[in-house]
Amino acid sequence: MDARRSAGPMPSHIEAMVRASVSRRSVLRGASLSALSVAGAGLFAACGTPSATQSADTCSSEDLSATEKALNFSNWPAYIDQKRVQRGGEKVTILPTLQKFQDRTGITVTYTTDVNDNSEFFEKVRNQLGACEPVDRDLFVLTDWMAARMIDLGWLQQLDHANLPNVEQSLSASLRSPDWDPDRDYSVPWQSGLTGIAYNADLTGEVRSFEELLSRGDLKGQVTLLTEMRDTMLFMLLATGADPADFTDDEWGVALERLQQAVDDGQIRAFNGNNYLQDLVNGNVAACEAWSGDVIITQYSNPNIKFVVPEEGLALWSDNMLVPNKATHKTNAEQLMNFYYDPEMAATLAAWVNYICPVEGAREAMEEIDPSLVDNPLIFPDEEMLSKAYDFMALDETTARQYEDDFAQVTGG
Amino acid sequence: MTAPAPFPGGGGADDQQQPPPPRRSRTGYLLLLPGTLWLLLFFIVPLVTLVSTSLYDPAGTLETGYQLTFAFGNYVDAIDDYATEFTRSLLYGGLATLFALLLGYPLAYAIAFRAGRWKYVMLLLVIAPFFTSFLIRTLSWKMLLADQGVIVEVLRFLHILGDDGRLLATAPAVVLGLTYNFLPFMVLPLYASLDKIDVRLIEAAGDLYASPPQAFRRVTLPLSMPGVVAGTLLTFIPAAGDYINVELLGTPQQTMIGNRIQSLFGAGSYPAAAALSVTLMLLILAMVMLYIRRAGTDELL
């Protein structure tokens, strides 16, 4: 009996001591090794890198939301409502809706605008997420195709729909089941937008289609396109008669050839990222491919900048809120998603960023916030308009890279 | 001991004493340690990673992982596919270096020999642009050269540019941007070596009936060669690898190799991008070695 008892579990306080000493030792060891780990990681790569694919089995995350009222949120610049207010004799910028969220839930949000470009952001988090390590962000916002890529790689946490009643209720019907996330298990749209054409009415007449953008003599050398492959190639595919949602390699080749020709002719001046509107406003460029919300904002100070939905068709995209693996505040993140699907908050946000609002009912709420925006089809498009929108075909990793390569060959950017 | 005794009255037993052996101090190595560790961590490790990435199987993806297959074909492909960009980078970098030398030499000469009490003010003016960031300076060139800007209007008025001619988004704008951005790297080493020249040597050349051009060619220029070599290297190396100037002042037709490397990394073609980077490094290294050997300025290294 005695022997059996002594072989049984240790008294709990002793066990705790043992565990403590082990953990302290491992912490010390960890500290001394951490300096070498940087070098080690670099040299490890010398023998190739393993697959970066993760899954719920290989990479499980812990949710500390119950005890930690915090949330790290990474978003694109100028993508949330702001207000300049006088506070203590100093002018400071506050984020009204986000402030309201913090007041209502008691969650402290660290808001960072460090997403400038989908690919760039991907590179920033690739090593950690590929190795199932935390990226110190609980929530970030990326465009459809990049969100799809991360879902394929298994880098995102599955959302709990029970925590998202507003989203369930108000998510716009046209956005409910994209091919790459049919049940919205991993993503919730932040804002949607249109890709189209913007032109400077001081410099040129109306530009109605991509075909004009690519071939009109008076625009030679005064046209810029976007560096995002899917944005630009969607219209190149449409302009060459292919369906961007379903095209073959040959059709891709034809579309790329058309773009190459426009570049060789000197028709295209440059491929631009986020800064594309500067050239248009300064008059260096007469017309460019553009995102709807940016143009609407620019119009307040430059009414001569116009946005056109190209005759070839409508390109609708969304930027999605995503929770990466190892993020420790998933429930907090879900609370924020849910908060922004309150029609009133959604309308406040949309009135500032001027992108398409993915929330049903926000239009009615907008009546009170800014009636001038209620009938703006670039913020509240009607169903008929949305039905004409084209999606870009989902691409597997190898094809995507091949196409990105091809596109980079032409754009050089 | 064969050396004369330093003090009078010295001698005898003292002369037999050996000088103390040089102290084997570890101080030297300890002083080297931070720098060595730094280089190891931030130069050697990334270099090893880069070289091995360039030999990965080009068919690898993030999903499958990348296997080290010693795919030397990556290099063949890189040089094959991007020969134009390599040539263009070397050409633009070379032109920018040439212009910087033509502009920088007289400037450095003036500062060293003619500026008098304005010397330090002028030096400060050369360095002053560095107080703002590289990006901001290049962006301001974008404004200066804008299609609706004063410079372009004047050049059009003078019929140097055609009616719809432009400066922005052309090769000259890129070379100009490169020249401007790297000019201080040319001026400062030139100034440093010109300033060291003993003016009496040039005067002596004059006394020996050398005309001023002859004195410059036979005395000043050879003595300033270390500055010329250092300046051209410091200008050429970053200029050839630059991608910001093309991005802001050029078009896809002016794409340099730096832009290709950047876009390939962005597109996820890590092996190809790494192969291009290594090729660029080797190419520049080879040119530099060749140049230094021809210029024969050992004191530089």
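List of remarks:
- Filtering the stretch A:274-308 to residues that are of a type in the set (Val, Ile, Thr), surrounded by 20 or more Cβ atoms within 10 Å (Cβ to Cβ) and within 12 Å of another protein chain (Cβ to nearest Cβ) leaves only A:VAL285.
- Test: A:GLU334 is farther than 19 Å from A:VAL125 by Cβ, among the acidic types (Asp, Glu) and at pLDDT 95 or above: yes
- Residues satisfying the stated conditions in the stretch B:178-205, i.e. touching a residue at least 24 places away in the same chain (Cβ under 8 Å) and either within 14 Å of chain A (Cβ to nearest Cβ) or among the aliphatic types (A, V, I, L, M) (or both): B:LEU178, B:LEU183, B:MET186, B:VAL187, B:LEU188, B:LEU190, B:ALA192, B:LEU194, B:ILE197, B:VAL199
- So A:PHE271, is it surrounded by 22 or more Cβ atoms within 10 Å (Cβ to Cβ) and in contact with a helix residue (DSSP H, G or I) (Cβ under 8 Å, 6 or more places away or on another chain): yes
- Of the residues A:GLU311, A:GLU257, A:GLU211, A:GLU228, the single one that is surrounded by fewer than 16 Cβ atoms within 10 Å (Cβ to Cβ) and in contact (Cβ under 8 Å) with a residue 40 or more places away in the chain is A:GLU311.
Yes/no per residue for (1) farther than 17 Å from B:TYR92 by Cβ; (2) surrounded by 17 or more Cβ atoms within 10 Å (Cβ to Cβ):
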| position | (1), (2) |
| --- | --- |
| B:GLU203 | yes, no |
| B:PRO213 | yes, no |
| B:PRO226 | yes, yes |
| B:ALA230 | yes, yes |
| B:LEU233 | no, yes |
| B:ILE237 | no, yes |
| B:GLY241 | no, yes |
| B:GLY258 | no, yes |
| B:ARG293 | yes, no |
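- Residue within the stretch A:323-334 that is aliphatic (A, V, I, L, M) and not in a helix (DSSP H, G or I) present: yes
- Scan the stretch A:126-137 for residues that are more than 11 Å from chain B (Cβ to nearest Cβ), at negative phi and surrounded by fewer than 20 Cβ atoms within 10 Å (Cβ to Cβ) and the total you get is 5.
- Residues of the stretch B:158-176 satisfying the condition of being more than 14 Å from every other protein chain (Cβ to nearest Cβ) and under 14 Å from B:ALA240 (Cβ atoms): B:VAL175
- Among the numbered conditions (1) in contact with a helix residue (DSSP H, G or I) (Cβ under 7 Å, 6 or more places away or on another chain); (2) of a type outside the set (Ser, Thr, Tyr); (3) outside the structural domain of A:GLU364 (by TED's automatic domain parsing), the only one that A:LEU142 does not meet is (3).
- Filter result for B:LEU123 (farther than 21 Å from B:GLN253 by Cβ, surrounded by 15 or more Cβ atoms within 10 Å (Cβ to Cβ), assigned by TED's automatic domain parsing to the domain that holds B:PRO106 and in contact (Cβ under 8 Å) with a residue 40 or more places away in the chain): yes
- Positions within the stretch A:345-379 being over 22 Å from the mean Cα position of the chain (by Cα), in a helix (DSSP H, G or I) and under 16 Å from A:ASP294 (Cβ atoms), in sequence order: A:LEU373
- Some residue of the stretch B:64-87 being more than 14 Å from every other protein chain (Cβ to nearest Cβ), over 23 Å from B:VAL229 (Cα atoms) and surrounded by 16 or more Cβ atoms within 10 Å (Cβ to Cβ): yes
- Here B:VAL199 fulfils each of the conditions (1) of a type in the set (Val, Ile, Thr); (2) farther than 20 Å from B:ALA128 by Cα; (3) surrounded by 18 or more Cβ atoms within 10 Å (Cβ to Cβ) apart from (3).
- Any hit, the stretch B:176-187, residues being among the aromatic types (Phe, Trp, Tyr) and out of contact with any Pro (no Cβ under 9 Å at 6 or more places or on another chain): no
- Residue tally, condition closer than 30 Å to A:GLN222 by Cβ and buried (at least 22 other Cβ atoms within 10 Å of the Cβ), over the stretch B:260-274: 5
- Hits in the stretch A:274-293 (condition: within 20 Å of the chain's Cα centre (by Cα) and either touching a residue at least 60 places away in the same chain (Cβ under 8 Å) or assigned to a strand (DSSP E or B) (or both)): A:ASN274, A:LEU277, A:GLU289, A:ALA290, A:TRP291, A:SER292, A:GLY293
- Residue count, the stretch A:91-118 (criterion: in contact (Cβ under 8 Å) with a residue 60 or more places away in the chain and not basic (Lys, Arg)): 9
- Exclusive hit being over 18 Å from B:LEU178 (Cβ atoms), of a type in the set (A, V, I, L, M, F, W, C) and touching a residue at least 12 places away in the same chain (Cβ under 8 Å), set B:ALA274, B:ALA267: B:ALA274
- Residues satisfying the stated conditions in the stretch B:41-62, i.e. within 21 Å of B:LEU282 (Cβ to Cβ), surrounded by fewer than 19 Cβ atoms within 10 Å (Cβ to Cβ) and facing chain A (nearest Cβ under 7 Å): B:PRO46, B:VAL48, B:THR49
- Here A:GLY217 meets the list (1) farther than 21 Å from A:ALA327 by Cβ; (2) surrounded by fewer than 18 Cβ atoms within 10 Å (Cβ to Cβ); (3) in contact (Cβ under 8 Å) with a residue 12 or more places away in the chain almost entirely, failing just condition (3).
- Annotation note: of B:LEU290, B:LEU276, the sole residue that is more than 14 Å from every other protein chain (Cβ to nearest Cβ) and not small (Gly, Ala, Ser) is B:LEU290.
- Residue in the stretch A:392-405 that is at negative phi, more than 21 Å from the chain's Cα centre (by Cα) and of a type in the set (D, E, K, R) present: yes
- A:ARG84 being of a type in the set (Lys, Arg) and either surrounded by 15 or more Cβ atoms within 10 Å (Cβ to Cβ) or at positive phi (or both): no
- Residues of the stretch A:102-124 that turn out to be within 18 Å of A:LYS330 (Cα to Cα) and touching a strand residue (DSSP E or B) at 6+ places or on another chain (Cβ under 7 Å), as a count: 7
- Checked against the criterion of being over 30 Å from A:GLN102 (Cβ atoms) and in contact with a Lys or Arg (Cβ under 8 Å, 6 or more places away or on another chain), the candidates A:VAL374, A:VAL308, A:VAL410, A:VAL323 yield just one match: A:VAL308.
The values are calculated or read from the model by the stated rules, or taken from the named source; none is laboratory data. Worth saying up front: this structure is predicted, and the values here are computed from it rather than measured. Positions of Cβ are backbone-derived with ideal geometry, glycine not excepted, and every protein chain shown enters the neighbour counts.
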